[in-house]
Number of protein chains: 2
Amino acid sequence: MLPTAAHAAQPDGKHEASDLVPLWTKAQGRPILSPPYGQPSGYEAKVVRVPIPGRTNTTAAASLTPLQNLYGIITPNGLVFERHHGGVPDIPPEQHRLLVHGLVDRPLAFDMNDLQRFPSVSRMHFLECSGNSAGEWKAKGSTVQITHGLLSCCEWTGIPLAIVLQEAGIDPRAKWLLAEGADAAAMTRSIPMEKALDDALLVYAQNGEMLRPEQGYPLRLLLPGFEGNTNIKWLRRLKLADSPFMTREETSKYTDPMPDGTARQFTFVMEAKSVIVRPSGGQTLRGPGFVEIEGYAWSGRGRIRRVDVSVDAGRTWQEAKLQEPVLPKCLTAFRAPWRWDGAPAVLQSRAMDETGYVQPTREALIAARGLESYYHFNGIQSWQVGGNGAVENVHA
Amino acid sequence: MLPTAAHAAQPDGKHEASDLVPLWTKAQGRPILSPPYGQPSGYEAKVVRVPIPGRTNTTAAASLTPLQNLYGIITPNGLVFERHHGGVPDIPPEQHRLLVHGLVDRPLAFDMNDLQRFPSVSRMHFLECSGNSAGEWKAKGSTVQITHGLLSCCEWTGIPLAIVLQEAGIDPRAKWLLAEGADAAAMTRSIPMEKALDDALLVYAQNGEMLRPEQGYPLRLLLPGFEGNTNIKWLRRLKLADSPFMTREETSKYTDPMPDGTARQFTFVMEAKSVIVRPSGGQTLRGPGFVEIEGYAWSGRGRIRRVDVSVDAGRTWQEAKLQEPVLPKCLTAFRAPWRWDGAPAVLQSRAMDETGYVQPTREALIAARGLESYYHFNGIQSWQVGGNGAVENVHA
């Protein structure tokens, strides 16, 4: 269970080991507040978001979270993935308004001060683009950042949407709600009222501070467990109606063509899924011996109940240890010990959520859904460890 | 319970309200990855750490977390308070070593790769300087950032210290451990072995990414619930011994003079404490009506069990709602509804932890400890709301 690479300390006989004082102990360091809002170490400059390979449009675009460099369940705000349909608007918060209209007793407009005066709650939830790991239907991304990087997890703070809707007065005929963003795409999605009145939040803060611009500053919708694009950023309008609005983003996009020629529509919930982030594609093991297999599991339906890990392409499985806290609709970190013997191996993880749903193999997913789908790929991911320790993406 | 300031939406009769499209919807926004490691909105530029008023030394110095601007329990890494004794060293991670020596079977030196190969855990814990709110013994800070800003809370990832000590082999005579930093102060503290073998961590990551330079990059000690300075940053050496080392930081500093002329030493645990952050000093209420009182409670002895809030200087109390998750030795957010009638009021919060310990009044604390102490002030904080809505610090 323990590494063997620790060096024996070798004092020179004349000096205590404690006298081997490093250079940086011999001069005063950098002052406080340099800068006042702190930044990562320069030695970590490679830990950044990256674009999707091959895409050239930069405003109808996405950037990917470096999952291979994440520790714990919180994604730092600077590394939360982006998915924009018309770029990031620059909204002065004092000029932002949220309009609630349609099938309500009285249409209302709120400024940010109005909204922040309502009671708030904070909750930790993952956010995943429904296109996350879509490349894995047919091809193979080189790293987990490329394959699964449209995934992040934050502590969100906001106002329960139900409170604000009740303030406007909900007409009993209202069954759907149009949410519209103030971005150049005027991103719009239809949301079932059932979800709006359940755990939906009007979010103004993430991970302790006000929303980042690329996350919807100053206001976004958060629909825990729903596909990313329904969590409308720069939220400016909620219109209640008796039927869905059939916007572009739920007709020509964000639907799932099925083998029988039909298409699934309004596939909101992100089903249980997991991925190993260390070791993962592009990494190299330092040599045989103890390796801690680390990854994340999540489900849009609630808590993760169990994660299994295989080192032989799914022939045998061991149960991974789940890191507390295990929260609903939140990333859950898992770890499993492995003693690598130096032979080639294929690593997989398989999540089960509290509904009993088990993450399918890629093969089973394709058997059910065919190969014309783009969104909602949640198949088991395989990383092959070569005899030289190099890790690469395989379809096993 | 609800605000009254929402504006009635007023479409002009010729246009749907939805046609009142803001300027920023009419042009493409900023591209993705601008920058690759994201930054806060420029409209939030005032939300930064600040120095302790009146201090001029910038390397033996501290900066304060803007608690009045925090939401939820996670402090974003850029706002985590600083306390340095010789500035922030610039340590190339590949050159960093941790030495374990003294009363061990075999002294060992580890590089970062060695350490990161051990099994890790992630845990959310607060970190509080023992000098936090020390100004409140005799004077009154203007804002909660000034009074209580030596407090932050992160998700920390690291290796249980017990595993690394066991790898070196613990001599049964070892009762204490010297932890030394690689900074210019060579910051050193003696730690009881009991704590080292309990929940101590060798931490390399905070809030999902590698430690920030000012938080000990690439390695720090984390002693959950212990006073901040014992959580040695830039950790380079652990020496086991049969007695404490009586360093400067546990003799001339970080001790507590008592009324009888003695001094408390090794007062490691941060006792239960709480503070209201909204409304707090320097803020102004917008007018009578609903106000959500928000704050944090924490205890170095475990979980917070209960927080009470008073709006009449402690004459009557109501129980606040605790935000889940309530984790041991972690900030716990609390909220209490208040309908302000416009008359002057004094707001207080009082924490109780799972041991049954109740946060004392300032008066009771001074009766027990006198006025010669600097560290470990955990008295109840009072914010006075004036008839004009202005909030200020009072000793009530």
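Read-outs throughout are calculated quantities, based only on the coordinates presented, and are distinct from any laboratory measurement. Since the structure is predicted, the reported quantities are computational estimates derived from the model, not experimental observations. Neighbour counts run over all protein chains shown; Cβ positions are idealised from the backbone, glycine included.
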**Request:** May I ask you to list the lysines whose Cα is less than 23 Å away from that of residue B:26, ignoring any residue fewer than eight positions away on the same chain?
**Result:** A:233, A:239, A:253, B:14
**Message:** When a/c reaches 1.5 or more, the comparison of a/b and b/c decides; with that in mind, is the stretch A:84-264 rounded, prolate or oblate per its Cα gyration tensor?
**Reply:** oblate
**Request:** Report the label-to-label distance for residue A:324 and residue A:262 in nanometres (one decimal), using points 7 Å from each Cα along the Cα→Cβ vector.
**Result:** 4.5
**Asked** Remind me, relative contact order of the stretch A:291-361 in percent, using alpha carbon pairs under 8 angstrom and six or more residues apart?
**Response** 42
**Distance (nanometres) between label positions extended 7 Å along Cα→Cβ at residue B:306 and residue B:198** = 2.5
**Request:** Sort shortest first the distances from residue B:163 to its counterpart in every other copy, using label points 7 Å along the Cα-to-beta-carbon line, and give them in nm.
**Result:** 4.2
**Asked** Do the sum for chain A: with -39,500 (n - 2.57) for every DSSP H run of n ≥ 4, divided by all residues, what is the mean residue ellipticity at 222 nm, to the nearest 500 deg cm²/dmol?
**Response** -1500 deg cm²/dmol
**Request:** Take the alpha carbon gyration tensor of the stretch A:233-381, find the square roots of its eigenvalues, order them as a ≥ b ≥ c, and report rounded if a/c is under 1.5; if not, report prolate when a/b exceeds b/c, else oblate.
**Result:** prolate
**Item:** Nearby aspartates and glutamates by direct alpha-carbon distance to residue B:140 (threshold 15 angstrom, same-chain neighbours under 8 apart not counted)
**Value:** B:363, B:392
**Approximate spin-label separation residue A:390-residue B:243, in nm, with each point projected 7 Å along Cα-to-Cβ** = 5.9
**Message:** If each label sits 7 angstrom from Cα along the C-beta direction, how far apart, in nm, is residue A:54 from its counterparts in the other copies?
**Reply:** 6.5
**Message:** With 10 angstrom as the radius, rank B:153, B:330 by how many other C-beta atoms surround their C-beta, starting from the fewest.
**Reply:** B:330, B:153
**Prompt:** Fewest first, what order do A:375, B:357 take by the number of other Cβ atoms within 10 Å?
**Reply:** B:357, A:375
**Message:** At a threshold of 8 angstrom on Cα-Cα distance, excluding pairs fewer than six apart, so keeping six or more, what relative contact order does chain A reach in percent?
**Reply:** 15
**Prompt:** Listing B:270, B:187 from the residue with the fewest other Cβ atoms within 10 Å to the one with the most, what is the order?
**Reply:** B:187, B:270
**Prompt:** Roughly speaking, what is the centre-to-centre gap between the stretch A:202-267 and the stretch A:312-380 when only Cα atoms are used, to the nearest Å?
**Reply:** 26
**Prompt:** What is the extension gain from residue B:140 to residue B:339, computed as 0.36 nm multiplied by their sequence separation minus the C-alpha to C-alpha distance, in nm to one decimal?
**Reply:** 69.0 nm
**Message:** Rounded, prolate or oblate for the protein assembly as shown? Axes are the square roots of the Cα gyration tensor eigenvalues, ordered a ≥ b ≥ c, and the cut-off for rounded is a/c under 1.5.
**Reply:** oblate
**Asked** Which single residue of chain B puts its beta carbon nearest to the axis of rotation relating B to A, and what distance, in whole Å, does that give?
**Response** B:325, 2
**Prompt:** In nm, what does the list of distances from residue B:39 to its counterparts in the other copies look like, shortest first, when each label sits 7 Å along Cα to Cβ?
**Reply:** 0.8
**Asked** In chain A, with Lys and Arg counted as +1 and Asp and Glu as -1 at Cβ, which of these residues, A:217, A:395, A:197, has the Cα nearest the positive end of the dipole, that is, farthest along it?
**Response** A:395
**Message:** Under 8 Å for C-alpha pairs, at least 6 residues apart: give me the relative contact order for the stretch A:112-216, rounded to a whole percent.
**Reply:** 27
